[in-house]
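Beneath this line is the structure, given in structure tokens, with notes to follow.
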Amino acid sequence: MSLITATPPAPSAPPPAPSPSIADRAPRRRVSPERIAAILALGAIVVASVIALADSGISIPSMIESWGNAERFFARVGTITFPEPGELVYLTALTIGLVLCGTLLAAVISVPIAYLAASNTTPGRGWQAFGRFVTVLTRAIPDVVLAMVFVLMFSLGSLPGILAIGIHSIGMIAKLFADAIEQIDEGPRRAIRAAGGSKLQEFTSGILPQVLPSWVATVLHRNDINLRGSVVLGYVGVVGLGMEMSFAFKSLNYSEGLGIALVMFALCVVMEIVSSVVRQAMLGGAPTGRGLGDRVVRLAGRAGAKRGVETTPVARPAVSHDLDAALRRPWDAVRIRNTVWGWLAFAVVVGSVLVCNIQWGDLITFWAKVPEIAVQFWPPSFGNYDAATMFGAMAQTIGIALAATLLAFVVSVFVGSLAARNVAPNGTVRTSMRLLLVVIRGIPEVILAIVLIVITGLGSQAGTLALAFGGIGLLGKLIADSFEEVKPGPERALRATGASRGQVYASATLPQGTRALIGHSFYLLDTNIRAATILGIVGGGGIGYYLLNAGQGSNYAVVTAIVLMILVTVLIVEGIAMWMRRVFK
Amino acid sequence: MSTQVGNEDSVVIDVSGLTKEFGRTVALQGASLTVARGEIVVLLGLSGSGKSTLLRHLDGLETPTSGSVRVLGQEVPRLTGRRLRALRSRMGFVFQQFDLVPSLTVLENVLTGALSELRGPRIGLWSYPKRLKLTALGHLDRVGLLDRAYQRADTLSGGQQQRVAIARALMQDPEILLADEPVASLDPESSEQVMSLIREIAMDEGLTVVCSLHQVDLALSWGDRIVGLRHGEVVLDTPAEGLSKAEVMEIYGRVATSTTELEAIEVELSDAAADAAAETHLADGALRS
Ligand SMILES: Nc1ncnc2c1ncn2[C@@H]1O[C@H](COP(=O)(O)OP(=O)(O)OP(=O)(O)O)[C@@H](O)[C@H]1O
Ligand SMILES: [Mg+2]
């Protein structure tokens, strides 16, 4: 019966009066007030960014002038020098070890947090809210601030850095861990429940094996980020290459400072390559037999065969009804590969802990110092500064972030689109754009900023440029990836109608990718606000400068006040971003 | 109560007046079903008639809106925590989508069937006792997949994966085997193989089986008893012997009183026809290749 008397699904709209004109009969397009508000807010943010960019004083003449500065600077520096080889190796190992320990600490803490925060595993709404709160809060407090506090509490050593990285990284790692849990296939888990398994067993046997590859990828990704960030931690007293570099620049030993910056840069690139290799090996899904691990295994197998060791063939064992024989798992390629990776990972972790030379005792004695130090941080105050100066500095930081995001956005839409397979006119363009993005991502923006600031002394201008440059690497890749993920159907349909390449892009690709575009841009703005704070610490202007001063001058009440300002700003941006993502769904 | 206890030996499943509502959807409406030990029962019914929901209630994966579900002498909805898990461990459950963990080896997947008798989490083959590993290998041998023990589960074909899932259920040393459309995602040949394997094992071990199926032909040749569900009600409950396909179809048709139901049945029938066509196609392909 409902087939015949089907009513149009518009219960809230008044029934249209019969009218001859189609234009009159067509339903009005209705835009919800919330959407209008979001569009206005977005417009306001764009206008603010344009103003900030105009204010930042970035212009072609000033760039040319700073080029002259750079030439004079390099003439004065002469040759780049490095610390002694032994020292350099130790510092490098220490930096990597410290960062790895911090990231691993965060990963371990993130497991229960993610379990609480994921909608399909959380024991209740309250727990879920708590999990989400922890991820937002830890992400909002910059690791530099944590490091400053921890440096006060611990006698020197690696613990402040490890804890700062460890706590700050929980935010991102736990969030991505939870996302991975929410994407699992529920089947295996249900099967274990049906067999009478406990909640913990459901997790370890049904969920963990499914999310492990993605978790490892997340941890590696975060580790790359932390390695870049470790330079700044050196400026507030965390041991490693960053600290040496800050000492060198402070004592005007530019040639060594630049040398360490170069080492750091190389380290970041190497780490990025290593982690992408490991990621690929883990995410490959069913083994292809073509990965790096397999190649290593084959080589080792060949060597083993030469030594006369008996090697089991790669394929499955012969059909056998002898269960005891079947109990011995054959050493096939997969097992060898897993074992090799496992022990390698174990060795790296143990090595990291050893090189950090952690003063475990501090973890116990530190509790005694907490109350004494805590009182110094409370209540917050602006101390000798007046409120106008501080809010002005905060505004400058926000301005740097906005201007950098805008610059990065404009370039990224262009580069990112051309790097997408379905937009690029040909393979060569796509490949070269992808390559460009990889190279840009390889350059740590903090180091770029430090070097730019040291060379040109341009303050916030150098900071904005460095942030924008780094932003292109991130946003360009995200845009390219999300354009490649749009449904191919609409593009095909438009091409079939004879639309040009540009028309297909504008009418099929872009509309489908808009939501991701907005989401990713806000993500960049979010990270840029934090990064802009940090830039201040290395001399790039804004609130970070005052934060460092307050920390070094032991004005902890001022530190608290500044941290609260940063926290509020970050939370507001995060809130706006979440709202935008929801409205433009 | 006392009569129930007296029956416990012969009656292993006793569902009465079971109603389940999901919001406004009524999935089960006063369904009743009694199964004796060793019986092999097939649930038939249109899509959405409540077969899966009924099976899930038997295993305590769903809580009834009203009615009683007694399995192995215990009122399932009243159980929680360890006692519920203990009861679940006495029932094997085989799902349509196999539900193996793709990245684990076949052997470890089978071993997860024994988790309820182990305390605490297990990660990796080494964490299971040797005794259980031998048992698991034995079950893999039983389903003809011993040589695949150390392969990743997602490298197997659908039919093989379902046989691994059966081995996993056997790990529980179950008294009852529940199966929800175990062959719905398999080709006819694998279906045949999997279904006869289930029957064979059930006969050997004296298992009670409740299995939902879509294929009427298969149900008639395979089950001891046919239970028909429609809109969450039990509308048919007879021995399979002597029942013809036409009779089952006729029962589907006769109980359909409203137009929408008839439409639904027509859709179902044309689906079945399409399936049959697809099957012939497959068979043709197999012949040609
Ligand atoms: N978790 C749930 N939430 C809401 N409705 C549900 C849920 N599970 C089942 N239902 C509804 O209950 C009814 C019975 O579903 P059920 O899955 O038991 O049917 P079925 O007979 O197994 O169908 P099929 O043959 O398609 O598997 C359907 O209308 C279904 O939409
Ligand atoms: Mg079902």
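Per-structure values
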{"read-out": "Gyration tensor (Cα) of the stretch B:116-223, equivalent ellipsoid semi-axes in angstrom", "value": "26, 16, 12"}
{"read-out": "Rounded accessible area of A:PHE74 (nearest 10 Å², 1.4 Å probe)", "value": "90 Å²"}
{"read-out": "Centre separation in Å (Cα based) which lies between the stretch B:78-115 and the stretch A:431-507", "value": "47 Å"}
{"read-out": "Among A:LEU258, A:THR204, A:VAL278 - extreme Cα towards positive end, dipole of the stretch A:97-286, charges at beta-carbon", "value": "A:THR204"}
{"read-out": "Of all accessible heavy-atom area on chain A, the percent that carbon and sulfur account for (1.4 Å)", "value": "68 percent"}
{"read-out": "Area hidden from solvent between B and A (accessible, protein heavy atoms only, 1.4 Å, total, Å²)", "value": "3200 Å²"}
{"read-out": "A:LEU435 versus A:ASN422: modelled label distance in nm, points set 7 Å from Cα along the beta carbon direction", "value": "2.6 nm"}
{"read-out": "Most to least accessible of B:GLU21, B:GLU108 (protein chains only, probe 1.4 Å)", "value": "B:GLU21, B:GLU108"}
{"read-out": "Helix-only CD estimate at 222 nm, as mean residue ellipticity for the protein assembly as shown, using -39500 (n - 2.57) per DSSP H run (n ≥ 4)", "value": "-21000 deg cm²/dmol"}
{"read-out": "Volume per residue of the C-alpha convex hull in the stretch B:113-175, rounded to whole Å³", "value": "93 Å³"}
{"read-out": "Gap separating the Cα centres of the stretch B:154-183 and the stretch B:21-67, nearest whole Å", "value": "21 Å"}
{"read-out": "Ratio of Rg to Rh over the stretch A:97-286 (Cα coordinates, Kirkwood Rh, two decimals)", "value": "1.07"}
{"read-out": "Given charges at Cβ of Lys, Arg, Asp, Glu: the stretch B:126-246 dipole, positive-most of B:GLY242, B:LEU229, B:VAL164", "value": "B:VAL164"}
{"read-out": "Estimated Rh, the stretch A:162-253: Kirkwood, alpha-carbon pairs, angstrom", "value": "15.8 Å"}
{"read-out": "Computed FRET value (nearest 0.05) for A:ARG581 with B:SER32, which takes r as the C-beta separation and R₀ as 56 Å", "value": "0.70"}
{"read-out": "Rounded to the nearest 10 Å², the accessible area of A:VAL454 at probe 1.4 Å", "value": "40 Å²"}
{"read-out": "Accessible area of the stretch A:97-286 divided out per residue, in Å², using a probe of 1.4 angstrom", "value": "34 Å²"}
{"read-out": "Square roots of 5 times each gyration tensor eigenvalue, C-alpha, the stretch A:77-160, largest first, Å", "value": "38, 14, 12"}
{"read-out": "Separation of the A:ILE22 and A:THR339 label points, Cα + 7 Å toward Cβ, nm", "value": "7.3 nm"}
{"read-out": "Separation between Cα centres of the stretch A:527-564 and the stretch A:196-262, rounded to whole Å", "value": "21 Å"}
{"read-out": "Distant alpha-carbon pairs in chain A (separation over 31 angstrom), percent", "value": "59 percent"}
{"read-out": "Relative contact order (%) - criterion: Cα under 8 Å, at least six apart; region: chain A", "value": "17 percent"}
{"read-out": "Solvent exposure, largest accessible area first (probe 1.4 Å, DNA, RNA and ligands not counted), of A:SER110, B:SER157", "value": "B:SER157, A:SER110"}
{"read-out": "Mean separation of Cα contacts under 8 Å (6+ apart) over length of the stretch A:97-286, as relative contact order %", "value": "23 percent"}
{"read-out": "Only Lys, Arg (+1) and Asp, Glu (-1) charged, at Cβ; the stretch A:97-286 dipole about Cα centre in debye", "value": "480 debye"}
{"read-out": "Label point distance in nm, B:ARG131-B:GLU247, each placed 7 Å from Cα along Cα→Cβ", "value": "4.9 nm"}
{"read-out": "Solvent-accessible area of A:MET565 with every protein chain in place, 1.4 Å probe, in Å² to the nearest 10", "value": "20 Å²"}
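The values are calculated or read from the model by the stated rules, or taken from the named source; none is laboratory data. Remember, predicted model here, so these are calculated numbers, not experimental data. Quick reminder, even Gly has a Cβ in these numbers, built from the backbone with ideal geometry, and neighbours come from all protein chains shown. Areas reflect the complete protein model, heavy atoms only, side chains present, ligands, DNA and RNA absent. Shrake-Rupley method; radii C 1.70, N 1.55, O 1.52, S 1.80 Å.
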